[in-house]
Every structure is written in C-alpha cells, then in structure tokens.
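Notes follow once the structure below has been shown.
The values are calculated or read from the model by the stated rules, or taken from the named source; none is laboratory data. Please read all numbers here as calculations on a predicted model, not as lab measurements. Cβ placement follows ideal geometry from the backbone for every residue including glycine, while neighbour counts extend to all protein chains displayed. Areas reflect the complete protein model, heavy atoms only, side chains present, ligands, DNA and RNA absent. Shrake-Rupley method; radii C 1.70, N 1.55, O 1.52, S 1.80 Å.
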Amino acid sequence: MARNFIKEFNLQNLSLEELRELSKQARAVYIQKTSVETFKDLAKFSLGDKVSFVSSRDQLVKTGVIEKLNQKTATVLVGNVHWRVSPCFLSKV
C-alpha cells in the first residue's frame, strides 16, 4: 500500500522546502501513533505485576516485578537490578 501511495505521490516533483515540511509532518504523525500504542501497551500492566522479558544484553529471559510505570517504559525489579523495559517486550507471568 505505501509503495502505491508513493508512486502516485511523486516526491521528485517536490521542492526541498516541501520535502522538509512533509518529513516534519510525517515524523509528528509517527511519534503520535507510536505514543498511543505505547500508552495502550502500558495500560495492560499494573504496579506489582510479575512480568518477564528477554534481555537485550545476554538474550536470557528475565523475570521480575513492575515497580514503576513511566511515560514510555516500565521499571522492572529483577533481583536487585532495575530494568527500564518497553511494554511491548513484557509478558505477564
């Protein structure tokens, strides 16, 4: 779908200023939509929930408890280490 839209909307005909404005508007819409998705994902969790996630450091599954829900991440206590994890990577245990 996106490719068909781009073909119909010939970017080559736009000036640099028009391309900058288009880029700025597209970025704003992208940020808004991802923020809404993150908010929906965070709403699935509550303080004290037991969750798991795969660590990006060692690829091991970590299990812990949500201690804080931030604007974009959840703070998860695993042992005595706090991890800030995007809610899209969390699963309830």
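General remarks:
- Per-residue ellipticity at 222 nm, computed for the chain from helices alone with -39500 (n - 2.57) per DSSP H run of at least four residues, works out to -12500 deg cm²/dmol.
- Three-way shape call for region 49-93 based on the alpha-carbon gyration tensor, with the a/c threshold at 1.5: rounded
- For region 19-92, carbon and sulfur atoms together expose 55% of the accessible surface, with a 1.4 angstrom probe and every protein chain in place.
- Rounded, prolate or oblate (a/c below 1.5 giving rounded, otherwise prolate when a/b exceeds b/c) for region 14-55 by Cα gyration tensor: prolate
- Phi to ³J(HN,Hα) by Karplus 6.51 cos²θ - 1.76 cosθ + 1.60 over region 43-53, Hz, x for Gly, Pro: 5, 6, 10, 10, 4, x, 5, 8, 9, 9, 7
- Taking every alpha-carbon pair in the chain and binning the separations at 5 Å intervals from zero gives 2, 12, 18, 15, 11, 8, 8, 9, 8, 6, 2, 0 percent.
- Using θ = phi - 60° and Karplus 6.51 cos²θ - 1.76 cosθ + 1.60, couplings along region 81-92 (whole Hz; Gly, Pro as x): 10, 8, 10, 9, 10, 5, x, 5, 9, 9, 10, 5
- Model label sites at V36 and V65, defined 7 Å from Cα along the beta-carbon direction, differ in position by 3.6 nm.
- For region 33-72: rounded, prolate or oblate by the Cα gyration tensor [a/c cutoff 1.5]: oblate
- Rounded to the nearest 10 degrees, the inclination of helix 16-42 to the longest alpha-carbon principal axis of the chain is 20 degrees.
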